[in-house]
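The values are calculated or read from the model by the stated rules, or taken from the named source; none is laboratory data. Since the model is a prediction, treat every value here as computed from it, not as a measurement. Here the Cβ positions follow ideal geometry from the backbone for every residue, glycine too, while neighbour counts run over all protein chains shown. Side chains included, ligands, DNA and RNA excluded: accessible areas come from the protein's heavy atoms. Shrake-Rupley method; radii C 1.70, N 1.55, O 1.52, S 1.80 Å.
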Amino acid sequence: GWIQSGGWQLELNEMRSAVSPLPILGSYQLRWTAQPDASARIELQSQRGPLLLQGQGEWRDGRTHFQGSASAEEGAQENLNNLLNIIGRREGARSVITLG
């Protein structure tokens, strides 16, 4: 059988979006960790806001399954409300992100 090992980490610094009135949404870390069964674990974590993202999932058999959430730092809710509506299904002040 084929076994992969290792992984990678991607730093996304000072991300911006045309749909946000804020100049910078935040900085994020995306981590991909290979598993012995040829799948991979995926983790997303905010490093700083005002848009806070977090989630985890896996890549298996060529498909991604991911569950996460997005929310706004204190004081940024009004500016990020429209973006949070676009990102995922709203549950109060946060948006639920589901892929796969």
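Between helix 77-87 and the chain there is an angle of about 40 degrees, using the helix long axis and the longest principal axis of the Cα atoms. All other residues whose Cβ lies under 12 angstrom from that of Y28 are scored, Lys and Arg at +1 and Asp and Glu at -1, for a net of -1.
All other residues whose Cβ lies under 11 angstrom from that of V96 are scored, Lys and Arg at +1 and Asp and Glu at -1, for a net of +2.
Net charge of the neighbourhood of Q45, taken over other residues with C-beta under 12 Å away and scored Lys/Arg +1, Asp/Glu -1, is 0.
Evaluating 6.51 cos²θ - 1.76 cosθ + 1.60 at θ = phi - 60° for every residue in region 11-16, the Karplus couplings come out as 9, 10, 9, 6, 5, 10 Hz, glycine and proline recorded as x.
Summed over the residues of the chain and divided among them, the accessible surface reaches 63 Å² per residue at a probe radius of 1.4 Å.
With runs of 4+ DSSP H residues as the only contributors, calculate the mean residue ellipticity of the chain at 222 nm using -39,500 (n - 2.57) per run, divided by the residue total and rounded to the nearest 500. Using -39500 (n - 2.57) per qualifying helix, the result is -3500 deg cm²/dmol. The 3J(HN,Hα) values that the Karplus relation (6.51, -1.76, 1.60; θ = phi - 60°) gives for region 19-32 are, in residue order, 8, 10, x, 7, x, 9, 7, x, 10, 9, 10, 10, 10, 10 Hz. Gly and Pro appear as x. Across the chain, the mean sequence separation of Cα contacts (distance under 8 Å, 6 or more residues apart), normalised by length, yields a relative contact order of 20 percent.
The translational diffusion coefficient of the chain, from Stokes-Einstein at 20 °C and 1.002 mPa s with a Kirkwood hydrodynamic radius over alpha carbon pairs, comes to 148 µm²/s. Taking the protein heavy atoms of the chain in the context of the full set of protein chains, the accessible area attributed to carbon and sulfur is 50 percent at 1.4 Å.
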